[in-house]
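Bear in mind these aren't lab numbers, they're just calculated from the coordinates by the rules spelled out. None of these values were measured; they are calculated from a predicted model. In this analysis, Cβ positions are derived from the backbone assuming ideal geometry, glycine residues included, and neighbour counts consider all displayed protein chains.
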Amino acid sequence: MRFAPQHITLKDEQLVEIREATIQDTPDLLTTIKEYIEDSEFIPYTAGEFSLTIEQGWRWIQSFRNSGNSILLVATHKGQIIGNLDVTASSRNMLSHTAVVGIGILKEWRRIGLGTALFEAATNYVKHNTTLEVLWLQVMGTNEAGMRLYRSFGFEETGRAKGFVRLSDGSYSDDIRMTLNLKQI
Ligand SMILES: CC(C)(COP(=O)(O)OP(=O)(O)OC[C@H]1O[C@@H](n2cnc3c(N)ncnc32)[C@H](O)[C@@H]1OP(=O)(O)O)[C@@H](O)C(=O)NCCC(=O)NCCS
């Protein structure tokens with residue numbers, strides 16, 4: 001097993017499991033992702049734009065399970081998926097030590113430590129992986145919650161495309177790249 005399931009207690013005392021996604025999770029995971037995408041202004045999808053079919057979702061999950069270094073984690077409460085985090089390693093030789101990370105949590109489960117627990121799990125996974133060294137991500141300059149979470153793990157801004165994302169109200173947000181070298185700390 002690449003990732004041993006973990007049980008954690010959140011700040012509000014609720015018990016959550018963090019484990020690798022399986023193909024049986026496909027419908028529940030797609031529903032959760034659609035929900036948090038549609039109620040977040042910080043993921044660059046507009047309503048209805050995220051529309052993976054069950055088969056596409058199944059293939060997406062399977063691609064993580066077939067991969068040597070990428071991993072897709074889900075957080076569940078009483079069997080329901082409430083958030084997920086994916087670490088997608090580059091398939092290019094010169095970039096094979098790097099992986100991009102993405103995260104999303106249902107609105108009612110935010111701000112009680114779940115993002116921190118998922119990042120704890122992901123960074124530990126990378127620390128014990130013999131190929132991966134660097135995690136990176138992209139975040140909107142307006143996403144204060146995300147940037148605070150990432151900085152708390154040592155991520156640093158390594159690039160900024162000014163005004164790159166056009167928001168629904170017509171304003172523009174910077175697109176920030178943050179990186180963390182886990183083999184140097
Ligand atoms: C970003 C996100 C993953 C954070 O997850 P979370 O479970 O709320 O994070 P945690 O409760 O572990 O909080 C960790 C730290 O992040 C910061 N943070 C979280 N929510 C915040 C908010 N609304 N405002 C300001 N800081 C916030 C705080 O520094 C917090 O530490 P503290 O609670 O000790 O002050 C979550 O808000 C989310 O899913 N948002 C929508 C999707 C999204 O933005 N994905 C990332 C795209 S790059």
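Name the long-range amide H neighbours of Thr142: under 5 Å, sequence gap of 5 or more, or other chain; modelled H, no Pro or chain starts.
Asp174
What distance in nm separates the two pseudo spin-label positions at Asp39 and His128, each 7 Å out from Cα along the beta-carbon direction?
Modelled inter-label distance: 3.3 nm.
Let me check I've understood the local charge: for Gly79, count other residues with C-beta under 15 angstrom from its C-beta, Lys and Arg +1, Asp and Glu -1. What total comes out? Walk me through the numbers before you get to the answer.
Details: positive: Arg19, Lys78; negative: Glu17, Asp25, Asp28.
It works out to a net charge of -1.
Label points 7 Å out from Cα along the Cβ direction at Ser96 and Glu17: separation in nm?
Those two pseudo-labels are separated by 3.4 nm.
Between Arg59 and Ala4, how high is the FRET efficiency from 1/(1 + (r/R0)^6) when r is the Cβ-Cβ distance and R₀ = 22 Å? Nearest 0.05. Show your work: numbers first, answer last.
Details: r = 25 Å, r/R0 = 1.16.
After rounding, the FRET efficiency stands at 0.30.
Looking at segment 10-50, which GluC sites (Glu not before Pro) are in a loop (DSSP not H, G, I, E or B) and have at most 15 other Cβ atoms within 10 Å? Walk me through the numbers before you get to the answer.
Working: sites: Glu13, Glu17, Glu20, Glu35, Glu38, Glu41, Glu49; in loops: Glu13, Glu41, Glu49.
In loop regions of segment 10-50 (DSSP not H, G, I, E or B), the sparsely surrounded GluC sites (Glu not before Pro) are Glu13, Glu41, Glu49.
Tell me the chymotrypsin sites (Phe, Trp or Tyr not before Pro) within segment 36-98 that lie in a loop according to DSSP and have at most 15 other beta-carbon atoms within 10 Å.
Working: sites: Tyr36, Phe42, Tyr45, Phe50, Trp58, Trp60, Phe64; in loops: Phe42, Tyr45, Phe50.
In loop regions of segment 36-98 (DSSP not H, G, I, E or B), the sparsely surrounded chymotrypsin sites (Phe, Trp or Tyr not before Pro) are Tyr45, Phe50.
Would you compute, from DSSP H runs of 4+ residues alone, the mean residue ellipticity of the chain at 222 nm, taking -39500 (n - 2.57) per run and dividing by the full residue count, rounded to the nearest 500?
Working: 4 runs with 49 residues, N = 185.
Theoretical 222 nm ellipticity from helices: -8500 deg cm²/dmol.
Along Cα→Cβ, 7 Å out, is where each label goes; now give me the distance between the ones at Asp169 and Asn66 in nm to one decimal.
4.4 nm
At most 15 other Cβ atoms within 10 Å and a DSSP loop assignment: could you name the trypsin sites (Lys or Arg not before Pro) in segment 10-119 that fit? Walk me through the intermediate numbers first.
Details: sites: Lys11, Arg19, Lys34, Arg59, Arg65, Lys78, Arg92, Lys107, Arg110, Arg111; in loops: Lys11, Lys78, Arg92, Arg110, Arg111.
Passing both the DSSP loop test and the Cβ count: Lys11, Lys78, Arg92, Arg111.
Exceeding 20 Å between C-alpha atoms, which entries from my cross-link table qualify? They are Lys127/Lys162; Lys11/Lys183; Lys34/Lys162; Lys11/Lys107. List each step's numbers first, then the result.
Values: Lys127/Lys162 32 Å; Lys11/Lys183 30 Å; Lys34/Lys162 27 Å; Lys11/Lys107 15 Å.
Checking Cα-Cα distances, Lys127/Lys162; Lys11/Lys183; Lys34/Lys162 exceed 20 Å.
For His77, His128, what ranking results if the residue with the fewest other Cβ atoms within 10 Å of its Cβ goes first? Kindly include the intermediate steps, with their values, before the conclusion.
Numbers: His77 16, His128 11.
With the fewest neighbours first, His77, His128 line up as His128, His77.
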